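Working notes, beginning with the structure itself.
The values are calculated or read from the model by the stated rules, or taken from the named source; none is laboratory data. This is a predicted model, so every value here is computed, not measured. Methodologically, a virtual Cβ is constructed for each residue, glycine included, from the backbone with ideal geometry; neighbour enumeration extends over all protein chains shown. For accessibility, only protein heavy atoms count, side chains too; no ligands or nucleic acids. Shrake-Rupley method; radii C 1.70, N 1.55, O 1.52, S 1.80 Å.
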Amino acid sequence: MTVVRWLWLWLLLTISDAAVTSRIVNRLTASTNFLTTQELWFNQTLDHFSPYDHRQFAQRYYEFLDHFLLPNGPIFLKICGESACNGIVNDYISVLAKKFGAAVVSLEHRYYGKSSPFKYLTTENLKYLSSKQALFDLAVFRQYYQESLNEKLNRSKVENPWFVFGISYPGALSAWFRLKFPHLTCGSLASSAVVLAVYNFTEFDQQIGVSAGPECKAALQDVNQLVEQRLATNGNALKDLFGAAELKIDGDFLYFLADATVIAFQYGNPDALCVPLTQAKNKGEDLVDTYATYVKEYYLGKFGVSVQTYNQQHLKDTALNGDSSDRLWWFQGVYPDVDGTNIYYGGTKIAGSKIIFTNGSQDPWRHASKQTSSTDMPSYTVTCHNCGHGTDLRGCPQSPLSPEGDAKNCSSPDAVHKVRQQIIEHIDLWLSQCQAIGGRSSM
């Protein structure tokens, strides 16, 4: 039996156009500090691939200039992903910006947050939502921002050196941006970048077992068996116990429980789940009650997930509102062209250059990232007990985020610092190579 059989259902339901990727990353920035939340706007092309469709939409972005060394300092483009982008989060990029004298700009992903081209998210209206369109958004924005800066400085045809950053799906976009537009960035940091499209992602499940360890894994297997038994005999009472009575469809409920398990390991809080579970098992206490307490206090409480995220009826809502991200991300993940995606981008055989790949040792998504190094595309794994998704930029735990991505709460801060030093050295080298030829990449 696998660690949690619920994951099999979950994996079949949550395939993205890039890889199997969790939608709940939007909760990460809910209570963290931002470098800025001042909204800026520009007009973006709706369809970059049509020579006839000239429609545009307003796309939100942010800029942080406190550390910017005018006029020729670097510009760091931090990619936002599958959720509302409410500002530039104060993670380790702020430290890097200060070190390199960089401006930081961040563009909200099309359709998410306030950057929707349409008032109604019908399936027909979602046909322009894709990673390919998003990459062109970034390229157009990059050119727009550079030209705007030149106008402010009363100069023309000058290129500042750019560097691109992203975590998870934005991490993949970061790698793909360098792949597709190498002349527009000096390099990219692809943190926990899910560049491999995967269907039936068994390595994910296996990593959860490894990250949990033997005792916690055994307790989770027991919980799984007990939940299945109670769901068959008194499902309504079980759902009430977990605060999820609104999930009438059993598949939705099991998906919810699966995610609750995964998040502990994915975002650097394994002890929040494993310590109470293993203690309860050793004392002969009710494991389902213990797990329900964890779900309500941590997953729904501290982490801030909404139960309706898992409600299929909620996903059918086409009205544009504050909870639209769930429907949007499911659209990006339904019926994926796995082979086509990997052929187009290269998967883990991506033929790029000057891309840094980083992963956390406990993160199940790392198996959809590039974990082998090459001269022009180094890959680093940050190894520690609570090193999960985006540890190099977020610190520990990865949620809630520590200001400036502080690594002091990582079980091995030195492991994080060593990888960060490697990142700094690569950025320094690649920026200097760019600056030597006037801001453009030497490719």
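Along the axis of the charge dipole computed for region 202-304 (Cβ charges of +1 for Lys and Arg, -1 for Asp and Glu, origin at the Cα centre), the listed residues G301, L254, A232 are led at the positive end by G301. Cross-link candidates for K349: which lysines have Cα within less than 22 Å, leaving aside residues fewer than 8 places away along the same chain? In chain and number order, the partners are K132, K180, K370. If a spin label sat at a point 7 angstrom from the Cα of K98 along the line to its beta carbon, the backbone N atoms of region 399-441 nearer than 12 Å would be those of 403-406.
Candidate cross-link partners of K157 among the aspartates and glutamates, defined by an alpha-carbon separation under 12 Å and a same-chain spacing of 8 or more, comprise E147.
Rounded to whole numbers, the Karplus 3J(HN,Hα) couplings from phi for region 244-256 are 10, 4, 6, 7, 6, 8, 4, x, 5, 5, 5, 4, 4 Hz, using 6.51 cos²θ - 1.76 cosθ + 1.60 with θ = phi - 60°, and x at Gly and Pro.
Output the 0 to 90 degree angle, nearest 10, between the alpha-carbon long axis of helix 270-283 and the longest principal axis computed from the alpha carbons of the chain. Tilt relative to the chain: about 10 degrees.
Couplings 3J(HN,Hα) for region 39-56, derived from phi with the Karplus relation 6.51 cos²θ - 1.76 cosθ + 1.60 (θ = phi - 60°), are 7, 10, 9, 8, 8, 10, 6, 6, 10, 6, 10, 10, x, 10, 8, 10, 5, 10 Hz, where x marks Gly and Pro. With a cut-off of 17 Å on the backbone N, the residues of region 73-112 near the modelled label site 7 Å out from Q435 along Cα-Cβ are 73-77, 96-104.
Each Lys and Arg Cβ is given +1 and each Asp and Glu Cβ -1; about its Cα centre, region 202-304 then shows a dipole of about 140 debye. Computed with a 1.4 Å probe over protein heavy atoms only, the accessible area of T233 comes to about 120 Å². Among A244, L153, S211, pick out the residue whose Cα is farthest towards the positive end of the charge dipole of the chain, where Lys and Arg carry +1 and Asp and Glu carry -1 on C-beta, about the Cα centre. The one lying farthest along the dipole's positive direction is L153. The largest accessible area among H314, H109 belongs to the first residue in H314, H109, and the rest follow in falling order (1.4 Å probe, all chains). For D414, the accessible surface of its heavy atoms amounts to roughly 100 Å² (probe 1.4 Å, protein chains only, rounded to the nearest 10).
With charges set only on the Cβ (+1 for Lys and Arg, -1 for Asp and Glu), what does the dipole of region 272-418 come to about its Cα centre, in debye to the nearest 20? It works out to roughly 240 debye.
Rounded to the nearest whole Hz, the Karplus-based 3J(HN,Hα) values (6.51 cos²θ - 1.76 cosθ + 1.60, θ = phi - 60°) of region 204-212 follow the sequence 4, 4, 5, 5, 4, x, 5, 5, 6, with x at glycine and proline. Summary of packing: across the peptides 384-393, 51-60, the per-residue average of other C-beta atoms within 10 Å ranks them, highest first, as 384-393, 51-60. Restricting the trypsin sites (Lys or Arg not before Pro) of region 295-347 to loop positions (DSSP other than H, G, I, E, B) with no more than 13 neighbouring Cβ atoms within 10 Å leaves K316. At an R0 of 25 angstrom, the distance between the Cβ atoms of A237 and Q308 translates into a FRET efficiency of 0.75. Full extension of the segment from T37 to D250, taken as 0.36 nm per residue of separation minus the current Cα-Cα distance, would add 72.7 nm. Region 32-82 and region 389-421 have Cα centres lying 26 Å from one another. The angle separating the long axis of helix 413-436 from the principal Cα axis of greatest extent in the chain is about 20 degrees. Within the accessible surface of region 202-304, defined with a 1.4 Å probe on protein heavy atoms only, the carbon and sulfur portion equals 48 percent. Mean sequence separation of contacting Cα pairs (under 8 Å, at least six apart), scaled by the length of the chain, corresponds to a relative contact order of 23 percent.
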